[in-house]
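Before any comments, here is the structure.
The values are calculated or read from the model by the stated rules, or taken from the named source; none is laboratory data. As the structure is a prediction and not an experimental result, all values here were calculated from the model. Don't worry about glycine lacking a Cβ; one is built from the backbone with ideal geometry, like all the others, and counts go over all protein chains shown.
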Amino acid sequence: MMQTRRLFFAAALLLAGSAMANAQAPVTVYEGARLITGDGNVIEDAAFVVEGTRFIAAGRRADVFVPAGATRVDLTGKTVMPTMTDLHGHIGFQDVAAGTMSKATYTRENLIDHLQRLAYHGVGAVVSIGDLVDRLDPRGGRTNWGDVPLRVREEVIPGAALFKTAGAGLAFPGAGAQGHPSRADVMYEVTTFEEVRAAMADYVRMNPEFIKIWVDDRDGKKKTLMPELYLEIIKEANRYGVPVGVHNVRLSDAKNLMRAGVEGWLHVPVRGPGEAVDAEIIGIVKDRIARNDHPTMWITPGLRTAWMDMSLVNTPAGQQPAWLEEPLLRETYAPAAIEKYWGEAYRKTVAQRFNAHEFELQARNTMQLRAAGMRVVMGTDTGQARHFIGYLTHMALESYVAMGMTPGEAIVAATRDSADVAHFNTGLVAAGRNADFIVLDANPLELISNSRRINKVYLRGEEVPRAAMAAKWKSQFRTATR
């Protein structure tokens, strides 16, 4: 009896403490906006209530109960949508102001700067891949690269996107991350079953959001993971209970990977030159869903740069695509950087090699897999030199519409569906979710590029100090170019 009384008393204290904490949390009602909730619903003349860091109610203004004493914010004429989640980042390596990349740049401070840049653009959460983290090397030693991403993911940083990591990743030697050398050797490199098992045992200790593997011969220029090795990786991942996200190209590999239980694809699963989705792979997707065998399969299509290339090629000479002139881009990147990566010299290069048929094929492949039951979610490769941090998320939205999704479907993919796949409590304006939302000056359901007409961003109930951020970054640009 005494023990029961003690337990009851402890529970009463806990409930009382929780009630006091809730009573002290500020309550704000935002009213009058068009509300895109993130699940496909749209509420005109809406109201939503934020208590502390969470939404507690949302609906038509006439139907939402507003607690006494709540602060009221009038958003008449605005459109509100949830912040987005990016499942395919490569952040931390780039010094944005200097336009350089290095391992030395991968610090807590720089990683947070990138998370603030994402927040500025309305991205509330990110999963980064191929991160710089201490790991086992093939000789049995350690890389001694530290634990910055593992520490930052435990933090909730005001004005910054939430962060998770997929750790280092696995690949055949030289066939992992491409591009800048600072990232080319961060992953575990494996050539034997023994190396796979040792690497996986070490990898899972990082508690990654998923295991990343590369299966790409780079147009025959590289030797990549052969089926027996990547199937062993998946077997080990299943044994440890960790999902797998894969970068692959060939239809034959995609079928093997789907049969083995892979859940995520970073880029279109079928994107080899001229390769198209066929009835067999559609059947594999549908069968897995029917059998409830790892039924949540997702894709980050990765067609945003192809779409941007296409817009460059199709824009008349002497003119710029609208997205290159956008104030949102020029608030966060110096004119010299924009010209370097997407200017006239690059346009001439693209004009010589761009193949619109490949974009159309990959778009069809994505849409057919989506129709079969795979989820299209948001992922941008953001953090590499040409992949402007945060801004590329908006370009990806445009590419989703270009490949056949409606603006509403693209927003659901980038908000609720991406957050759910990555296990972030965001992406939806609903009671209990983090109060993460974007206030827009125009309606992205009418024109998806209106997602860039950002008026304010809120994360966990607090306004992101965007003006101060932009001023800081512009100052850095001026310093870097002297």
Residues P138, P149: which one is under 28 Å from R433 (Cα atoms) and touching a strand residue (DSSP E or B) at 6+ places or on another chain (Cβ under 9 Å)?
P149
Pull out all pairs, ordered by first then second residue, where Cβ-Cβ is under 8 Å, the residues are six or more apart or on different chains, the first lies in segment 148-166 and is farther than 21 Å from H88 by Cβ and part of a helix (DSSP H, G or I), and the second is at pLDDT 95 or above and of a type outside the set (A, V, I, L, M, F, W, C).
R151/R108
Confirm whether V429 is surrounded by 22 or more Cβ atoms within 10 Å (Cβ to Cβ), of a type in the set (A, V, I, L, M, F, W, C) and under 22 Å from the mean Cα position of the chain (by Cα).
yes
Given the options A290, A276, name the one that is touching a Lys or Arg at 6+ places or on another chain (Cβ under 8 Å), over 25 Å from T143 (Cα atoms) and at pLDDT 95 or above.
A276
Looking at segment 45-87, which of its residues are acidic (D, E) and either part of a strand (DSSP E or B) or within 28 Å of the chain's Cα centre (by Cα) (or both)?
E51, D74, D86
Taking into account only those residues within segment 285-305 that are hydrophobic (A, V, I, L, M, F, W, C) and surrounded by fewer than 21 Cβ atoms within 10 Å (Cβ to Cβ), which is farthest from K212 (Cα to Cα)?
A290
Pick out, from segment 221-325, the strands (runs of 3 or more DSSP E) lying fully within it that include 2 or more residues that are among the aromatic types (F, W, Y).
none
Test V96 against the stated conditions and say whether it is in contact (Cβ under 8 Å) with a residue 24 or more places away in the chain, surrounded by fewer than 18 Cβ atoms within 10 Å (Cβ to Cβ), touching a helix residue (DSSP H, G or I) at 6+ places or on another chain (Cβ under 9 Å) and under 30 Å from L329 (Cα atoms).
no
Before we move on, is A396 assigned to a helix (DSSP H, G or I) and modelled with pLDDT of 95 or more?
yes
Test each condition in (1) more than 20 Å from L75 (Cβ to Cβ); (2) among the hydrophobic types (A, V, I, L, M, F, W, C); (3) within 20 Å of the chain's Cα centre (by Cα) for I411 and report the one that comes out false.
(1)
Got at least one residue in segment 150-161 being over 21 Å from the mean Cα position of the chain (by Cα), surrounded by 20 or more Cβ atoms within 10 Å (Cβ to Cβ), of a type outside the set (K, R) and closer than 27 Å to V421 by Cα?
no
Residue satisfying all of: in segment 344-393; among the aromatic types (F, W, Y) and in a helix (DSSP H, G or I); surrounded by the fewest Cβ atoms within 10 Å (Cβ to Cβ) among these
Y346
